[in-house]
Amino acid sequence: MNIEERVPLARYTTLGTGGPARWFARPQTIAELEEALAFAEHEGAEATVVGLGSNLLAADEGVDGLVLKVGGELAAVAISDDLVAAGGGATNAVVLHRARDAALGGFEFACAIPGTVGGGVWMNAGAYGGDFAQVLERALVVTVSGPDWLTPSELGLTYRHSELRDGQVVAQVELRLTPRPVEEIKTTITQLQSQRKAAQPTNKRTFGSVFENPKHELTAGRMLEACGLKGHRIGGAQISPMHANFIENAGSARSADAVALMTEARRRAFAEFGVELRHEVRFLGLPELPAVT
Ligand SMILES: Cc1cc2nc3c(=O)[nH]c(=O)nc-3n(C[C@H](O)[C@H](O)[C@H](O)COP(=O)(O)OP(=O)(O)OC[C@H]3O[C@@H](n4cnc5c(N)ncnc54)[C@H](O)[C@@H]3O)c2cc1C
C-alpha cells in the first residue's frame, strides 16, 4: 500500500480549495484499506475518507492525518435481481446509470447529488423526498478492528445524519431497489435535473448547501437572501447570486474565504432573525465557527 505525502486536497474537493494532507492513500481492496487504517493507528493519526469532496471544506494549511480515497474494487458496481452492490467509492452517477439500465428505480433522487455512495451513507444524503436510508439494505463498514455489516438503524441514519465517525470507512453498500420501466426512470431524472438547474448554481464550484435549514418559517437560503447576502464576496468566494445557501468559488478562493463568508452569514442571520445557523458542510482540519452571541 503506497502512502503518499503532502497531497493537495484542492484536487479532491468540488469547491477546489484545501491544503495538503500529511498522508494520502488510495486503497483498492479491503485488505489495502485495513493496511492503511493500521498505518494511521500506528502513527496515532486520524483517518478520514474523501469521497467526491462535494460536502467538504478542508483547511488551507492542510490536514494533519491520513486521507483515504477508495477506488478499484471499492468503487465497483454489481447488480443481482433488485439488489445493487456498490463499493463505497462508486459515484451516485455511475450507480444510478447502472440501476437505470437494469430497470431498477428508487435511486433517482440521487441524480442531483454529486457524491459517492460512501459519502451518501455518511450523511444520509437525499433530495426530492428520497434518501439513502430508504434504499440501503446494509453497508460494510471497515475499521482498524475489521469489517462489519451494519443496517441503516445500526448506522443511525436520520435526516442528513449518520453516527459514522472518522476511522469508519464505508467499503461497500447494498441498495434494495424496485423494478421500474427504464423510460419512466429517465423521465424522472430529466425532471429532477431541470428542477435543480432552475433553483441552484449547478454549473459553479460549490460544496452544496452551506447551512442546515433551521426550525423557522424561512429556509437558510431565504434567510440569508433577506439579510442581503446574495452575491456578497470575500476574497475569491462569494455567496451565490442565484441561491444564498451556496458559496461559489468565484476564482482562486481559499477555504478561509468560505469560512469568513459563513461567519458573516451566521452573524447576520442571528442579528436579523435570532437564529444560529448550523453548517451542513463537513470541516476537515478546520476549527468550529465562532459563536454568534
Ligand atoms: C451542487 C451540489 C448539490 C448537492 N445537493 C445535495 C442534495 O440535494 N442533497 C444532499 O444530501 N447533499 C447534496 N450535496 C452535498 C453532497 O453532494 C452530499 O453530501 C454527498 O453525499 C457527499 O458525498 P461525497 O462522496 O462527495 O462525500 P465527501 O464530501 O467527500 O465527504 C463527506 C463526508 O463523508 C465522509 N465519507 C465520504 N466517503 C466515505 C466513505 N466511503 N466511508 C466513510 N465516510 C465517507 C467524509 O469523510 C466526510 O465526512 C450537494 C453538493 C453539491 C456540490
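The values are calculated or read from the model by the stated rules, or taken from the named source; none is laboratory data. All values derive from a computational prediction rather than experimental measurement. Positions of Cβ are backbone-derived with ideal geometry, glycine not excepted, and every protein chain shown enters the neighbour counts. Ligands, DNA and RNA are excluded from the accessible area calculation, which covers all protein heavy atoms including side chains. Shrake-Rupley method; radii C 1.70, N 1.55, O 1.52, S 1.80 Å.
Residues satisfying the criterion are absent from segment 6-20 (criterion: under 13 Å from L74 (Cβ atoms), touching a residue at least 12 places away in the same chain (Cβ under 8 Å) and open to solvent by 50 Å² or more (accessible area, probe 1.4 Å)).
Within the option set G62, G51, G71, G126, being of a type outside the set (D, E), free of Cβ contacts under 8 Å to residues at least 60 places away in the same chain and closer than 24 Å to E5 by Cβ holds for one residue only, G71. Of all residues in segment 138-167, those that are more than 12 Å from W122 (Cα to Cα) have Cβ atoms under 6 Å from Cβ atoms of residues that are open to solvent by 70 Å² or more (accessible area, probe 1.4 Å) and not in a strand (DSSP E or B), 6 or more apart or on another chain, in V144/E41. Restricting attention to segment 1-20, which residues are outside any loop (DSSP other than H, G, I, E, B) and within 21 Å of the chain's Cα centre (by Cα)? Residues satisfying the conditions are V7, P8, L9, A10, R11, Y12, P20. With respect to the conditions (1) under 13 Å from the mean Cα position of the chain (by Cα); (2) more than 11 Å from the ligand (Cβ to nearest atom), H97 falls short on a single one, namely (1).
Residues are listed down the side, and each one gets a yes or a no for (1) open to solvent by less than 70 Å² (accessible area, probe 1.4 Å); (2) aromatic (F, W, Y); (3) more than 30 Å from L104 (Cα to Cα); (4) within 11 Å of the ligand (Cβ to nearest atom):
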| site | (1), (2), (3), (4) |
| --- | --- |
| G167 | yes, no, yes, yes |
| V170 | yes, no, no, yes |
| I189 | yes, no, no, no |
| Q193 | no, no, no, no |
| A199 | yes, no, no, yes |
| N203 | no, no, no, yes |
| G208 | yes, no, no, yes |
| G235 | yes, no, yes, no |
| I247 | yes, no, yes, yes |
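Could we say that T116 is near the ligand (Cβ under 9 Å from one of its atoms) and under 17 Å from the mean Cα position of the chain (by Cα) here? Considered against the rule, which asks whether it is near the ligand (Cβ under 9 Å from one of its atoms) and under 17 Å from the mean Cα position of the chain (by Cα), T116 comes out as yes. When the test is whether a residue is of a type in the set (A, V, I, L, M), near the ligand (Cβ under 9 Å from one of its atoms) and surrounded by fewer than 17 Cβ atoms within 10 Å (Cβ to Cβ), A127 passes it.
Per the listing E46, E61, E35, the residue uniquely over 27 Å from A253 (Cβ atoms) and more than 8 Å from the ligand (Cβ to nearest atom) is E35.
Filtering segment 249-279 to residues that are under 25 Å from H161 (Cα atoms), touching an Asp or Glu at 6+ places or on another chain (Cβ under 8 Å) and open to solvent by 50 Å² or more (accessible area, probe 1.4 Å) leaves F270, R278. Can you tell me which residue within segment 200-258, out of those that are part of a loop (DSSP other than H, G, I, E, B) and acidic (D, E), is farthest from G62 (Cα to Cα)? The extreme case among them is E217. Flag not set for A220, criterion: more than 19 Å from R160 (Cα to Cα) and surrounded by 20 or more Cβ atoms within 10 Å (Cβ to Cβ).
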